[in-house]
Amino acid sequence: MTKKVVHIITGLNDGGAEGVLTRLCLHSKQAQHVVISLMDEGKYGPLLTRSGMTVHCLGMNPGKPSIVRLFRLVRLIRSEQPDVVQTWMYHADLLGGIAARLAGVRRVFWGIRHSTLEKGKSKRSTIMIARLSALLSSWVPDQIICCANKARDVHADIGYSAPKLSVIPNGYDLSCFRPDAAAGANVRAELSLGPNDFIIGNVGRFDPLKDHFNLLQALARVAECKIPFRCLLIGKGLSPDNVGLVKRIAALGLQDSVLLVGQRSDVPAVMNALDLHVLSSLSEGFPNVLAEAMACGTPCVSTDVGDALEILGDQEACCPARDSEALADVIIKLSREWQDSPSAWLARKDTCIQRIEERFSIEVMVEAYEACWLSTVD
């Protein structure tokens, strides 16, 4: 008989955890999946519903928990009679985990997506909930599944039950993220970029933790070295109406080199349009964009945050966060390889694809989750 897994997540908007949950539900064949969003259906709710899954939305404000809605959640879980409850992110881990235990569920799995819990990088409320969850981690979950080795280590350090912590890296649909020269050429043509231009890119929302200003400082140094390039900044808030960002670009003399593209839905095509993807973040858990770019055959460089190095598999492609000179040096090195050694560059692209296929495919991730859930169900 097929086992039922109820997923409880804070919301279903456009985010990393939400995307992983959706991919997992769509590709898992060994279990029946039901999704409970503590908030609304967001971006992914309708997609899950169209795929035949039941999606419940509770309209809660997780920052202001309500006893009434908590017991509504308990009743909902009890009515679904799941074999397993899998929660995602701190609020859902805490509220969903407690509700699942109150509903009598025997197997509860928490999901951790953060790799940083520091003042100034994480909200005070987030840190408080994480620390409260640490106190309950010996009782509520059977197992705590982290997206990254860094996340496991950080949470063990703040008191989460170490024996229960495990790691399942994110997995990617390689039928979507794959080399596609035609799609990349179309994006270049749309943006008036030449087929032989060296195109650097950064995909990710405008946020202090993404440290776009560090990237711009590094690019200014690349430009000083007379290396021709164009850089695409892609994501929410990375558009010409971002006045502060436009001023910084102009102050660094990069107005002819940096193009603010804004948010796009065709990320695989964008990744195929790039020659090099650069992640400049101060903090990450498991940076999806690196794996997505590499799956498309686009080499990457990154600050050494979260599990970036685990994804890249290349220490020389990593540098410390907040160090624009080090970041520039790595970009310069790879830009010269692109220009001077086409055979080495092709080999680098092939290595990227192979690494993602072997370690981070959706099939590998689904198999790992199903092994956790189903091996513990009587």
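The values are calculated or read from the model by the stated rules, or taken from the named source; none is laboratory data. Keep in mind that this is a model prediction, so the values were computed, not measured. Cβ atoms come from the backbone with ideal geometry, glycine included; neighbour counts cover every protein chain shown.
Values for this structure:
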item	result
From ARG322, ARG336, residue being of a type in the set (Lys, Arg) and over 21 Å from the mean Cα position of the chain (by Cα)	ARG336
Odd one out for SER265 among (1) more than 22 Å from GLY184 (Cβ to Cβ); (2) at pLDDT below 95	(1)
Output for region 76-104, where each listed residue is buried (at least 21 other Cβ atoms within 10 Å of the Cβ), within 14 Å of PRO141 (Cβ to Cβ) and hydrophobic (A, V, I, L, M, F, W, C)	VAL84, VAL85, TRP88, MET89, ALA92, LEU95, ALA99, ALA100
Residue among ARG221, ARG248 that is surrounded by 16 or more Cβ atoms within 10 Å (Cβ to Cβ), at pLDDT 95 or above, within 22 Å of ASP197 (Cβ to Cβ) and among the basic types (Lys, Arg)	ARG221
Residue ID - nearest to ALA156 (Cα to Cα), chosen from residues in region 167-193 that are among the small types (Gly, Ala, Ser) and modelled with pLDDT under 95	GLY171
Condition check for SER161: in the same structural domain as LEU94 (by TED's automatic domain parsing), closer than 29 Å to GLU18 by Cα and loosely packed, with under 14 Cβ neighbours inside 10 Å	no
Single residue of LEU309, LEU274, LEU346 found to be modelled with pLDDT of 95 or more and either among the basic types (Lys, Arg) or touching a Cys at 6+ places or on another chain (Cβ under 9 Å) (or both)	LEU274
Count - residues of region 162-187 that are more than 19 Å from ALA368 (Cβ to Cβ) and of a type in the set (S, T, N, Q)	2
Pick from region 309-333, criterion in a loop (DSSP other than H, G, I, E, B) and out of contact with any Ser or Thr (no Cβ under 7 Å at 6 or more places or on another chain), ranking: farthest from ASN288 (Cα to Cα)	ASP323
Scope region 277-303; condition assigned to a strand (DSSP E or B), of a type in the set (A, V, I, L, M, F, W, C) and farther than 15 Å from ARG205 by Cβ; matching residues	VAL278, CYS300, VAL301
ARG348 vs. criteria outside the structural domain of LYS123 (by TED's automatic domain parsing), basic (Lys, Arg) and touching a strand residue (DSSP E or B) at 6+ places or on another chain (Cβ under 8 Å)	no
Residue check for THR49: β-branched (Val, Ile, Thr) and surrounded by fewer than 16 Cβ atoms within 10 Å (Cβ to Cβ)	yes
Residue in region 56-75 that is modelled with the lowest pLDDT, counting only those that are surrounded by 11 or more Cβ atoms within 10 Å (Cβ to Cβ) and part of a helix (DSSP H, G or I)	ARG69
Qualifying residue in region 7-18 (condition: more than 17 Å from the chain's Cα centre (by Cα), assigned by TED's automatic domain parsing to the domain that holds HIS91 and at pLDDT 95 or above)	yes
Checklist (1) in contact (Cβ under 8 Å) with a residue 24 or more places away in the chain; (2) surrounded by fewer than 23 Cβ atoms within 10 Å (Cβ to Cβ) applied to CYS318, failing item	(1)
